[in-house]
Amino acid sequence: MGNYSRVLLLTVVLLSVVQLVVAIAVDPYDVFGVVRFTKKNFEPNTRYLKVEYLLTQPRFDAYIFGSSRTMYYAAAAADRASGERYRFFNFGVSLENGFGIRRKLEWLIRQKRIQKALIGLDFDIQSVPTDPLDLLRQDHPLVSGDSALGFYGKYLLFQPRIIALFVAENLDSRKAYGFETWDRGNDNGPQALYPIGRPFDPERLYAVSAGALALDIARSNRKPPRPVAASGLEEYGRSVALLDAAGVARVLVVPPFSLEKFRSYDIDAYLSWLAETVRVGGRVWDFAGVNSVTADGRNFGDPVHFLKPVGDMVLRRVLDPNPTGLPADFGVLLTSQNLAARLVQLRAQHRKLQLQDQPKSVTTPSSRS
């Protein structure tokens, strides 16, 4: 029995070591960066990788925050629209919520590395809860304030299905790249955060092990990070207060929704949300509703995302003091003075869309009598 127990224990230890080596070497989410090789067709952890890039690139002083919609606001276009007064970095990430935006702002303000913020406001996903086991959407420990060792430990979890999928996708020579690269929205960023100059990087191995432990020890006496608020709107209010207290210029933008998406919203809930964003933010650019851009389905890649040329027009409207060549009905700067009229207009537009969506009734002889 003793020999059997020792063999079983040795087997478990060996399998665990193999699991750790495979997780670090394959690294499907690009968080370790210890073993370097070309990767394709697998979505990277944008939240983590953009922070890692910013740690080595201190030249940015303006940032774009929000969900995957904001990834169509190109940083280079923002630079041009602002007259090159700022150097923008697109910090947009998939399924970003109000909590994530607030934490990224806190980190940048602590680093004194932000002078202007453009925040994309999403009615439909602003309050999406954070899943601690969604490995594609984990904030960098420097941003979250959570344990660095705990962060990297999540990516060592046993996940044979993900490893198998990653290997199969990378071996498929018929595909070029099935997902957007980690630096989406940043035209001049590198395609790979970790250069493939050498196949093994001991500095990265230290950073994700002993370096992570040192970071946790150094932060052990700090107060715990501020917890998530009850709603996305409350987090939005926290973000506005942070920016104002730090003297950071801000631009708040409701994106152009496709008419299909706009029609699907509960209009009472949507208008209540919009009114609150204006009450808290004071000035909010609104590109939603029915206008010459949203009415043209060719401006959208899918019901959720507009295309880059539309994003360029939004940036010119909100950042260029004298934009030309833009549709007159695209973009309304909402304040307390014109909010009521805008809410009436949006309700009427939504009602019209709803009526258009209804099947037309058929008149019969009996119904005419």
Next item on the list: Name the single residue, out of those in the stretch 104-128 being over 27 Å from Arg316 (Cβ atoms), modelled with pLDDT under 95 and in contact with a Gly (Cβ under 9 Å, 6 or more places away or on another chain), that is least open to solvent (accessible area, probe 1.4 Å).
Entry: Val128
Item checked: Sole exception among (1) more than 30 Å from Val167 (Cβ to Cβ); (2) modelled with pLDDT under 90; (3) open to solvent by less than 20 Å² (accessible area, probe 1.4 Å) for Met1, by number -> (3)
Check: Out of all the residues in the stretch 23-37, is one or more free of Cβ contacts under 8 Å to residues at least 40 places away in the same chain and assigned to a helix (DSSP H, G or I)?
Finding: yes
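Please determine, by comparing only the residues of the stretch 154-166 that are out of contact with any helix residue (DSSP H, G or I) (no Cβ under 7 Å at 6 or more places or on another chain) and assigned to a helix (DSSP H, G or I), which one is least open to solvent (accessible area, probe 1.4 Å).
Initially, the stretch 154-166 is screened for residues out of contact with any helix residue (DSSP H, G or I) (no Cβ under 7 Å at 6 or more places or on another chain), giving 154, 157, 159-162, 164-165.
Pick out the ones that are also assigned to a helix (DSSP H, G or I) and you get 154, 160-162, 164-165.
On the way: Lys154: 54, Pro160: 71, Arg161: 171, Ile162: 26, Ala164: 60, Leu165: 73 Å².
Among them, the one singled out is Ile162.
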Note to self: Conditions first: (1) over 16 Å from the mean Cα position of the chain (by Cα); (2) open to solvent by less than 50 Å² (accessible area, probe 1.4 Å); (3) more than 14 Å from Val167 (Cβ to Cβ). Val18 passes all but one, so which condition is the exception?
What the structure shows: (2)
Check: With respect to the numbered conditions (1) of a type in the set (Val, Ile, Thr); (2) in a loop (DSSP other than H, G, I, E, B); (3) open to solvent by 10 Å² or more (accessible area, probe 1.4 Å), which one is the sole condition not fulfilled by Val318?
Finding: (2)
Next item on the list: Read through the list (1) open to solvent by less than 20 Å² (accessible area, probe 1.4 Å); (2) within 30 Å of Ile24 (Cβ to Cβ), then give the number of the only condition that Ile101 fails.
Entry: (2)
Next item on the list: Mind listing whichever residues of the stretch 251-279 are crowded, with 20+ Cβ neighbours inside 10 Å and either outside any helix (DSSP H, G or I) or in contact with a Lys or Arg (Cβ under 7 Å, 6 or more places away or on another chain) (or both)?
Entry: Val251, Leu252, Val253, Val254, Pro255, Pro256, Phe257, Ser258
Margin query: Condition first: part of a helix (DSSP H, G or I), more than 18 Å from Leu334 (Cα to Cα) and out of contact with any Cys (no Cβ under 9 Å at 6 or more places or on another chain). Can you find one or more residues in the stretch 286-297 that meet it?
Written below: yes
Notebook entry, point to check: Mind checking which residues of the stretch 72-86 are open to solvent by 20 Å² or more (accessible area, probe 1.4 Å), of a type outside the set (Gly, Ala, Ser) and in a loop (DSSP other than H, G, I, E, B)?
Noted result: Glu84, Arg85, Tyr86
Check: Can you pull out the residues in the stretch 211-252 that are out of contact with any helix residue (DSSP H, G or I) (no Cβ under 6 Å at 6 or more places or on another chain), among the hydrophobic types (A, V, I, L, M, F, W, C) and within 30 Å of Gly311 (Cβ to Cβ)?
Finding: Ala241, Leu243, Ala245, Val248, Ala249
Next item on the list: Output the number of residues of the stretch 212-235 satisfying the condition of being open to solvent by less than 80 Å² (accessible area, probe 1.4 Å) and without any contact (Cβ under 8 Å) to a residue 40 or more places away in the chain.
Entry: 3
Note to self: Between Phe151, Phe89, which is outside any loop (DSSP other than H, G, I, E, B), open to solvent by 10 Å² or more (accessible area, probe 1.4 Å), closer than 30 Å to Ile24 by Cα and among the aromatic types (Phe, Trp, Tyr)?
What the structure shows: Phe151
Next item on the list: Quick one: Arg69 ticks every box in (1) touching a strand residue (DSSP E or B) at 6+ places or on another chain (Cβ under 7 Å); (2) open to solvent by 10 Å² or more (accessible area, probe 1.4 Å) except a single one, so which number is it?
Entry: (2)
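The values are calculated or read from the model by the stated rules, or taken from the named source; none is laboratory data. Predicted, not measured: the structure shown is a model, and the values here were computed from it. Positions of Cβ are generated from backbone atoms using ideal geometry, with glycine treated the same way; all protein chains shown enter the neighbour counts. Note: areas computed on protein heavy atoms with side chains; ligands, DNA, RNA excluded. Shrake-Rupley method; radii C 1.70, N 1.55, O 1.52, S 1.80 Å.
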